[in-house]
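K.L.:
The structure is given below, and queries will be raised subsequently.
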Amino acid sequence: QKEVEQNSGPLSVPEGAIASLNCTYSDRVSQSFFWYRQYSGKSPELIMSIYSNGDKEDGRFTAQLNKASQYVSLLIRDSQPSDSATYLCAVNPGLAGGFKTIFGAGTRLFVKA
Amino acid sequence: KAGVTQTPRYLIKTRGQQVTLSCSPISGHRSVSWYQQTPGQGLQFLFEYFSETQRNKGNFPGRFSGRQFSNSRSEMNVSTLELGDSALYLCASGSSGAQETQYFGPGTRLLVL
């Protein structure tokens with residue numbers, strides 16, 4: 001069983017719509033959760049980090065964390081064609097300190113103009 | 001503040017050779033992690049160094065090794081290269097504290113022939 005699961009997509013949304021990306025994880029004691037955006041041929045870029053239950057908003061992005069359900073999501077409002085990329089969900093156990101981050105396979109998002 | 005730098009950006013090697021990759025983290029960050037990204041396996045954690053000590057380790061064979069210097073710069077070495085080692089190798093610079101976060105460098109693309 002994969003430790004971090006994401007819908008591989010592709011997810012296609014029209015410009016201006018809300019894109020909803022979902023992720024589940026298996027390690028109940030995980031501490032830190034991240035969303036990275038990766039354009040083709042580039043390295044991952046940090047979009048959001050979230051550490052406690054609830055919502056965290058940053059501009060057009062909202063991350064939601066539910067540790068009881070072991071679920072983390074990313075909402076992108078007013079989606080733009082430039083948001084077309086692969087979005088990686090990442091989970092860091094963190095209990096022993098430091099990083100041993102596990103990544104999901106990524107969801108490809110297409111925003112149609 | 002300068003970002004994460006990795007050298008070289010591209011490498012071509014032949015089977016059986018060895019390779020050394022270098023990473024300089026963001027100023028003030030003492031954590032450096034290495035990841036391998038391939039189309040088939042996705043982004044996989046190799047190891048993390050913190051204050052010149054390996055703090056966390058992934059599930060890669062001993063051919064993959066690393067080290068960190070007193071200035072936090074890190075090197076990763078792969079010995080006896082195999083065709084399957086062809087990948088994008090990513091270095092991540094990690095912040096410390098209650099909300100640890102990682103930022104990726106541009107990566108080194110390694111092709112093994």
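K.L.:
In nm, to one decimal, how far is the modelled label at B:ASN77 from the one at A:LYS112, with both set 7 Å along Cα→Cβ?
P.N.:
In this crude label model, B:ASN77 to A:LYS112 measures out at 5.3 nm.
K.L.:
Please give the average number of partner chain Cβ atoms lying within 10 Å of the Cβ of each residue in A:33-44, rounded to a whole number. Don't skip to the answer; put the middle values down first.
P.N.:
Numbers: counts 0, 2, 0, 4, 0, 3, 0, 0, 3, 4, 13, 9.
Other-chain Cβ atoms within 10 Å of each residue's Cβ, averaged: 3.
K.L.:
Can you put B:THR20, A:THR107, A:THR101, B:THR14 in order, fewest other beta carbons within 10 Å first?
P.N.:
Lowest count first: B:THR14, B:THR20, A:THR107, A:THR101.
K.L.:
Another question, then. Calculate the FRET efficiency for A:ASN53 and A:ALA17 from the Cβ-Cβ distance with a Förster distance of 30 Å, rounded to the nearest 0.05.
P.N.:
According to the calculation, E is roughly 0.65.
K.L.:
Can I ask one more? If R0 is 35 Å, what FRET efficiency do you get for B:LYS13 and A:GLU45 from their C-beta distance, rounded to 0.05?
P.N.:
0.80
K.L.:
Highest GNM mean-square fluctuation, chain A, Cα pairs closer than 10 Å: which of A:ARG77, A:ARG37, A:ARG28?
P.N.:
A:ARG28
K.L.:
Count, for each residue of B:93-101, the Cβ atoms from other chains sitting within 10 Å of its Cβ, then give me the mean as a whole number.
P.N.:
4
K.L.:
Test of understanding: in a Gaussian network model of chain A with alpha carbons linked when under 10 Å, which of A:TYR51, A:TYR25, A:TYR36 would top the mean-square fluctuation ranking?
P.N.:
A:TYR51
K.L.:
If you don't mind, another one. Quickly work out the A:ASP78-to-B:THR20 label distance, labels modelled 7 Å from Cα along the C-beta direction, and quote it in nm with one decimal.
P.N.:
With each label placed 7 Å out from Cα toward Cβ, I get 5.0 nm.
K.L.:
While we're on this one: Pick from A:VAL72, A:VAL91, A:VAL29 the residue whose mean-square fluctuation is largest in a GNM of chain A, springs joining Cα atoms under 10 Å.
P.N.:
Maximum fluctuation in the GNM of chain A, among the listed residues, is at A:VAL29.
K.L.:
Take A:ILE47, A:ILE18, A:ILE76 and order them by how many other Cβ atoms sit within 10 Å, fewest up front.
P.N.:
A:ILE18, A:ILE47, A:ILE76
K.L.:
Enumerate the amide H contacts of A:LEU109 below 5 Å, restricted to partners 5 or more residues apart or on another chain; note that Pro and chain-start residues carry no placed amide H.
P.N.:
A:LEU11, A:ALA85, A:THR86, A:TYR87
K.L.:
For a quick check: sort B:LEU111, A:LEU11 by the number of other beta carbons within 10 angstrom, fewest at the front.
P.N.:
Starting with the residue having the fewest Cβ neighbours, the order is B:LEU111, A:LEU11.
K.L.:
Taking square-rooted eigenvalues a ≥ b ≥ c of the alpha carbon gyration tensor, is the protein assembly as shown rounded, prolate or oblate, where a/c under 1.5 means rounded and, failing that, a/b exceeding b/c means prolate?
P.N.:
Prolate is the answer for the protein assembly as shown, as a/c is 1.5 or above and a/b outweighs b/c.
K.L.:
Given R₀ = 22 Å, what would the calculated FRET efficiency be for B:SER27 paired with B:SER70, taking r from the Cβ atoms and rounding to 0.05?
P.N.:
0.95
Read-outs throughout are calculated quantities, based only on the coordinates presented, and are distinct from any laboratory measurement. Predicted, not measured: the structure shown is a model, and the values here were computed from it. Virtual Cβ from ideal backbone geometry, glycine too; neighbours counted across all protein chains shown.
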